[in-house]
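Just below is one structure, and these are the notes that go with it.
Every number here is computed from the coordinates shown, using simple stated rules; none is lab data. Being a predicted model, the structure only gives us computed values, none of them experimental. We place every Cβ from the backbone using ideal geometry, glycine too, and count neighbours over all the protein chains shown.
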Amino acid sequence: MSRAAAETCGPPVAPAPTAETRPTGTDSTNDVPGTALVTGAASGIGHEVARQLANAGWQVLLHARTNAEGQEAARRLAGTGVDPELLEPVAADFARLSQVRSLADTVAARTAGLDLLVNNAALLGSGRRALTIDGNELTWQVDYLAPYLLTRSLLPALRATGRARVVNVSSSLHRMGNLAWGDLNGATRYAPVAAYAQAKLALIMFGVALGGRTGADVTVASVHPGAVRTRLMAAYGRSGGPVTDGALAVLHAATTEVTPASGGYYEGLLPAKPASLVADPAAVERLWRLTERLLGLTASARAA
């Protein structure tokens, strides 16, 4: 099964963010814009987002699936001129929820507060349905349950800054998705693209639910950057635009006001209308509560 990261992007229509363009959650009087965690940063869009953030002075926690992949990613970035002191590799395999929880603990221990979380890591499976050690369908867990759990676990660190941003990297393919409420793991009917679309739909709905709960101290944006030349695209025989275009869309969502409100959805650099289910408050709340049960979140975690 392909474990390539799913990375998407859209054409640039505005200048790329610079060191002077700071996310709404940062303190412009500080020499360091802030601390960011970028998941899936070993390659593709996540790698380029990490590079641009570090070049703008951010302290970047560089997530990869393994320690070796993270160290290699940091070496490649340093080779492009990025200050290695601004890069800190961290590792977690999102196919293991215990490692997601450990990653959150590691990040919380190493930072006084987290200014930016970019939930970029994802995959699109191929072939037959596979289950994780936690008993979840692989794409559902890696693309949705893991970023949900990571974000919920890091809410205290995000809230500590009083001005943080969460960016969920989704896909326009979410419009092909449907939440199979009784069979989210695809036990009776499974197709790789359908599983990916379902997870990306759920991720946008999570952004809406989270944005409605956190207020101004943690704002949320979901973004579809389009199709770019990544390992995933190559594995599926597709071409696309440059990775820098995809990174631009993600950075734009991270560094601009969320429009029309926290939880908003972008395609490329512009706000867009997502699938109709995203605008259904009952469905959004049902998914939030169902996910809490699936992850076994405790009362203290729910209060975070």
Check: For the modelled label position 7 Å from the Cα of Ala130 along Cα-to-Cβ, which residues of the range 192-208 have backbone nitrogen atoms closer than 18 Å?
Finding: 192-197, 199
Item checked: Cα gyration tensor shape for the range 35-166, rounded if a/c is under 1.5, else prolate or oblate -> oblate
Next item on the list: Given the peptides 92-98, 271-277, 161-167, arrange them by the average over their residues of other C-beta atoms within 10 Å, most packed first.
Entry: 161-167, 92-98, 271-277
Notebook entry, point to check: Fully extended, how many nm does the chain gain between Ala109 and Ala279 (0.36 nm per residue separation, minus their Cα-Cα distance)?
Noted result: 57.6 nm
Next item on the list: Note down the net charge around Ala187, summing +1 for each Lys or Arg and -1 for each Asp or Glu among other residues with Cβ under 13 Å from its Cβ.
Entry: +1
Check: Seen from all sides and averaged, what is the projected area of the convex hull of the Cα atoms in the range 136-201, in nm²?
Finding: 5.0
